[in-house]
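The values are calculated or read from the model by the stated rules, or taken from the named source; none is laboratory data. In this text the structure is predicted, and so the values were computed from the model without any measurement. Methodologically, a virtual Cβ is constructed for each residue, glycine included, from the backbone with ideal geometry; neighbour enumeration extends over all protein chains shown. Just the protein is used for accessible areas: all its heavy atoms, side chains included, with ligands, DNA and RNA removed. Shrake-Rupley method; radii C 1.70, N 1.55, O 1.52, S 1.80 Å.
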Amino acid sequence: MCAVVLASASPRRSELLQQMGVSFTVQPADVDETPNSGERPDTYVERLAREKALAVFDDYPDALVLGSDTSVVLDDRILGKPLDQSEARTMLKRLSGRSHQVMTSVALVSKSGCRALVVVTDVEFRTLSEGEIDAYIASGEPMDKAGSYGIQGLGGIFVRELRGSYSAVVGLPLQETAGLLEQAGYPVWKRWPISLEN
């Protein structure tokens, strides 16, 4: 059976892949993440997921290589990682009391080609106070997160409602990733040592 390589340095994606029981190697991809002029957010995340997986596949031609990208989207505009605390504050104020989309693409490259898909999750924030925003920024958590928050951390406190895939918001859609691996001949379920005994 082919080895699996994760083309990402994200510890959150590694944790999610481990949660699935997948054995894998981490090899971060080095690609330009600048959006193309006029590029739609869903097109952007799928392109990046493909480019990351393809870049690493060059070094692992016999493996199954997973690439992924996640963007927070508000009013059809991508909110990336904040450059500083001021930008994080601006993003959080814009998200406050509103719904936004988290778009995550996962791509799998193998000898048989590249398959990719995009998962869109609607996330609604409750209204945030200035004090909450300041305290959250002071925690440091927003500074390396798309949209300036992490749903799996303190930022989860701000979420009023989520419609879609929680794991995709964290960084890797579990159901869809398992499906891609299954199609490529790596059946996740059949690898589990399942036992009904306590």
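Mind checking which residues of region 14-68 are out of contact with any helix residue (DSSP H, G or I) (no Cβ under 8 Å at 6 or more places or on another chain) and within 19 Å of residue 101 (Cβ to Cβ)? Result: 38, 40, 41, 42, 43, 44, 45, 46, 47, 48, 49. Any residue in region 149-156 that is modelled with pLDDT of 95 or more and over 18 Å from the mean Cα position of the chain (by Cα)? No, the conditions are met nowhere in region 149-156. Select from region 162-188 the residues that are within 24 Å of residue 62 (Cα to Cα) and of a type in the set (A, V, I, L, M, F, W, C) and write down the one among them that is nearest to the chain's Cα centre (by Cα). Among those that are within 24 Å of residue 62 (Cα to Cα) and of a type in the set (A, V, I, L, M, F, W, C), it is 172.
With the structure loaded, tell me whether residue 172 is assigned to a loop (DSSP other than H, G, I, E, B), open to solvent by less than 20 Å² (accessible area, probe 1.4 Å) and under 15 Å from residue 68 (Cα atoms) or whether it fails that test.
Working: assigned to a loop (DSSP other than H, G, I, E, B): yes; open to solvent by less than 20 Å² (accessible area, probe 1.4 Å): yes; under 15 Å from residue 68 (Cα atoms): yes.
Yes; evaluated as a whole, the condition is true for this residue.
The condition of being of a type in the set (D, E, K, R) and part of a helix (DSSP H, G or I) holds for only one of 132, 124, that being 132. Hey, among 96, 112, 37, 71, which residue is open to solvent by less than 40 Å² (accessible area, probe 1.4 Å) and over 13 Å from the mean Cα position of the chain (by Cα)? Unique residue meeting the criteria: 96.
Please work out if residue 9 is open to solvent by less than 40 Å² (accessible area, probe 1.4 Å) and among the small types (Gly, Ala, Ser). Against the criterion (open to solvent by less than 40 Å² (accessible area, probe 1.4 Å) and among the small types (Gly, Ala, Ser)), residue 9 does not qualify.
Does residue 81 satisfy the condition of being modelled with pLDDT of 95 or more, surrounded by fewer than 17 Cβ atoms within 10 Å (Cβ to Cβ) and basic (Lys, Arg)?
On the way: modelled with pLDDT of 95 or more: no; surrounded by fewer than 17 Cβ atoms within 10 Å (Cβ to Cβ): yes; basic (Lys, Arg): yes.
When the stated conditions are applied, residue 81 does not pass them.
Residues that are free of Cβ contacts under 8 Å to residues at least 24 places away in the same chain, of a type outside the set (Val, Ile, Thr) and under 22 Å from residue 140 (Cβ atoms) do occur in region 91-109.
Here 55, 107, 49, 88 are screened, and the one residue that is within 12 Å of residue 6 (Cα to Cα), part of a helix (DSSP H, G or I) and open to solvent by less than 10 Å² (accessible area, probe 1.4 Å) is 49.
Residues being without any contact (Cβ under 8 Å) to a residue 60 or more places away in the chain, of a type in the set (A, V, I, L, M, F, W, C) and closer than 20 Å to residue 155 by Cβ: count how many of those fall in region 42-73.
Quick first cut of region 42-73, residues without any contact (Cβ under 8 Å) to a residue 60 or more places away in the chain only: 43-44, 47-48, 51-52, 55-61, 69, 73.
Restricting the remaining residues to those that are of a type in the set (A, V, I, L, M, F, W, C) gives 48, 55-57, 73.
Next cut, closer than 20 Å to residue 155 by Cβ only: 73.
Within region 42-73, residues that are without any contact (Cβ under 8 Å) to a residue 60 or more places away in the chain, of a type in the set (A, V, I, L, M, F, W, C) and closer than 20 Å to residue 155 by Cβ number 1.
From the list 27, 19, the one residue that fits, being in contact with a strand residue (DSSP E or B) (Cβ under 6 Å, 6 or more places away or on another chain) and open to solvent by 40 Å² or more (accessible area, probe 1.4 Å), is 27.
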